[in-house]
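The values are calculated or read from the model by the stated rules, or taken from the named source; none is laboratory data. Everything quoted here is computed from the prediction, not taken from an experiment. Using ideal geometry, Cβ is built from the backbone for each residue, glycine included, and neighbour counts are taken over all protein chains shown. Ligands, DNA and RNA are excluded from the accessible area calculation, which covers all protein heavy atoms including side chains. Shrake-Rupley method; radii C 1.70, N 1.55, O 1.52, S 1.80 Å.
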Amino acid sequence: YYICSNIILCMRHLFVLVFCFLSIVVYGQNIQVAKSSEELKIIAEIETHPTERVMNFIYAEAVIDNNKAANTYLQIFREQKWWDAPVLLHAELRTFIADGFLADNIYLGGVAFQLLNKQNSFITLEALYRYDGLNNWQATAAYGLFKGRISFSGYSDFYGTKKLYLFSENKIFYRLTKHFKIGTNIELGLNTREGKEFSCYPFAVIRFEMND
């Protein structure tokens, strides 16, 4: 058991490193290193050939906390439409790996409404069915504003059944050079199932972009 666990753990870290490499060399996207007082994150993002009618997005995150415990998060989604109205179909998978083993899968599907979609700003609202064994609905707001060297983007997930959960990430970056940005990522969480437990985790972030 111990040997198998360590083999899976090594394979997982190898997968994340290969994914981060491919995201830059092959697809020309971005890689980020984020550090808070409790965690270190290595993040890779791929957005493959987005158009007005279709977008594929892949997000991989490897996390190591101060106790040297590691976990991995992978998010894959596709949005597409065959009409002119600003409404897209949305399908998504989120998966978590902790302690070398698959911890949880989340499946989402629904519609995305593009309230604003310009070159320097966007607002999208999503109404989704969420299957994770506990919750059956999710509402998501994604937003962004880009002006000069400064960019702001983020999303907020609201989900639950009788209890409400909130998870939100908000990023502000300042462009230093053509390919490098520095900034912060603030993670906010609210869990009413545990007595309205609130969390806030700020990260300092360095971001390398190959496509800009």
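Once both labels are positioned 7 Å from their Cα atoms along Cα-to-Cβ, the gap between residue 150 and residue 201 label points is 2.7 nm.
Extension gain, residue 158-residue 179: 0.36 nm per intervening residue step, less the Cα-Cα distance, totals 4.2 nm.
Highest average first, the peptides 52-58, 183-189 ordered by how many other beta carbon atoms sit within 10 Å of their residues are 183-189, 52-58. Nonpolar atom fraction for segment 53-212, defined as the carbon and sulfur part of the 1.4 Å probe accessible area, stands at 63 percent. In terms of distances greater than 22 angstrom between alpha carbons, the cross-link table entries 41/171; 35/171; 147/171; 81/178; 81/181; 118/171 yield 81/178; 81/181. The residues neighbouring residue 55, those whose beta-carbon lies less than 15 Å from its own, together hold a net charge of -3 under the Lys/Arg +1, Asp/Glu -1 convention. Stretched out straight at 0.36 nm per residue, the stretch from residue 33 to residue 132 would grow longer than its current Cα-Cα span by 32.8 nm.
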